[in-house]
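These notes are about the structure you will find just below.
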Amino acid sequence: MKTIFVKDYNDMSQVTYDIIAEVIKNNEAPSISMTTGGTPRGLFELMVKNINDNQLDISKTTILNLDEYVGPQDAPYTVRTFMYSKLYDLIQQTPKAIFLINGAATDIEAEIQAYSEMLVANPRDVQVLGLGTNGHIGANEPGTAFDSTIFLAQHDESTIESTMKEYKISRSEAPTEMVTLGFTEILAAKQVILMVSGAHKAEAVRNVLEGPITEACPASFLRDKENVIMVIDEAAASLLTK
Ligand code: PGA
């Protein structure tokens, strides 16, 4: 893992944007898999601005996603809602292809199989990740085996609370399950970017970088992987001792 230490949220967004923009500019048919939530909002704003200013051409780019909540497709918290409201509805260009997991599918196992086949057909250049306060990546919650492959995950309580806060919804409205890429598919991307900002992530960052590599802290598994870049701001790095 390579670590990039930056000042704040804006710098984390900019550094990540620059890496992704380079990949998009230097590839004939780039494939970028995004994450959603509070962490990448600034990154999406930069993408929208640069696409609409003709600084970034995504017409040959395939865009897909790390995960999707199980629930109605138009719920405020879904990855689909986020991707349309923060990117696809705001840009004056169309990506070459868009892939989303259907979290409303009646047959979730068939949906998982179809997405899994799509991933094989569309090797990813970049997988963007956020970090859960409990160390999760995607919905690979603490305790998930390091050889996980795309699966239907149950959220930890801390993850449900983060979703409630992020999308201003009540406990009964909050989703409890999510289809997520496993460690296997996450690490199959050429480059994995783990973005982390804020003091509330500081303990998780310390566990990822200075604790044992253990299923109790899912992202610790990324530490000795050469294709991972972790972009960390000062507040998130504040508990590091080394
Ligand atoms: P957040 O979530 O970006 O909303 O903090 C990160 C994550 O759980 O992956």
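Throughout, read-outs are computed from the coordinates displayed, never taken from laboratory work. Given the structure is predicted, the values throughout are model-derived calculations rather than measurements. Glycine gets a Cβ as well: all are built from the backbone with ideal geometry, and neighbour counts include every protein chain shown.
Just want the ordering: 200, 136, 155, from fewest to most Cβ atoms lying within 10 Å of their own Cβ. Numbers along the way, then the final one.
Working: 200 12, 136 25, 155 21.
Arranged by neighbour count, lowest to highest, 200, 136, 155 become 200, 155, 136.
Taking a straight line from the alpha carbon of residue 96, these lysines sit under 29 Å away, with near neighbours fewer than eight places off in the same chain left out: 25, 49, 60, 86, 190.
Evaluate the Kirkwood expression for the hydrodynamic radius of the stretch 1-129, namely the inverse of the mean inverse distance over all pairs of different C-alpha atoms, and round to one decimal in Å. Show your work: numbers first, answer last.
Details: mean 1/r = 0.0649 Å⁻¹.
About 15.4 Å for the stretch 1-129.
Extension gain for the segment residue 224 to residue 26, taken as residue separation times 0.36 nm less the Cα-Cα distance, is 68.6 nm to one decimal.
Among 223, 124, 171, what is the fewest-to-most ranking by other Cβ atoms within 10 Å? Walk me through the numbers before you get to the answer.
Values: 223 17, 124 22, 171 10.
The most exposed by this proxy come first: 171, 223, 124.
Checking the a/c ratio against 1.5 first, then a/b against b/c, what shape does the Cα gyration tensor give for the stretch 85-194? Intermediate values should be presented prior to the final figure.
Values: a/c = 1.43, a/b = 1.17, b/c = 1.21.
Verdict is rounded for the stretch 85-194.
Here, the stretch 138-242 has an Rg and a Dmax of 14.3, 42 Å when only alpha carbons are counted.
Rounded to the nearest whole angstrom, the semi-axes of the ellipsoid equivalent to the stretch 185-239, taken from the Cα gyration tensor as √(5λ), stand at 19, 14, 8, largest first. Backbone amide hydrogens, once placed in the peptide plane, bring residue 235 within less than 5 Å of 198, excluding anything fewer than 5 places away on its chain. Ordered by the count of other Cβ atoms within 10 Å of each Cβ, fewest first, 84, 77, 69 give 84, 77, 69. Listed values for the stretch 10-26 are Karplus-derived 3J(HN,Hα) couplings in whole Hz (6.51 cos²θ - 1.76 cosθ + 1.60, θ = phi - 60°), namely 4, 5, 4, 5, 5, 4, 5, 4, 4, 5, 5, 4, 4, 4, 5, 6, 9, and x replaces Gly and Pro.
Once you have a ≥ b ≥ c as the square roots of the Cα gyration tensor eigenvalues for the chain, tell me rounded if a/c is under 1.5, and otherwise prolate or oblate according to whether a/b is larger than b/c. It is rounded, given that a/c, with a ≥ b ≥ c, falls under 1.5.
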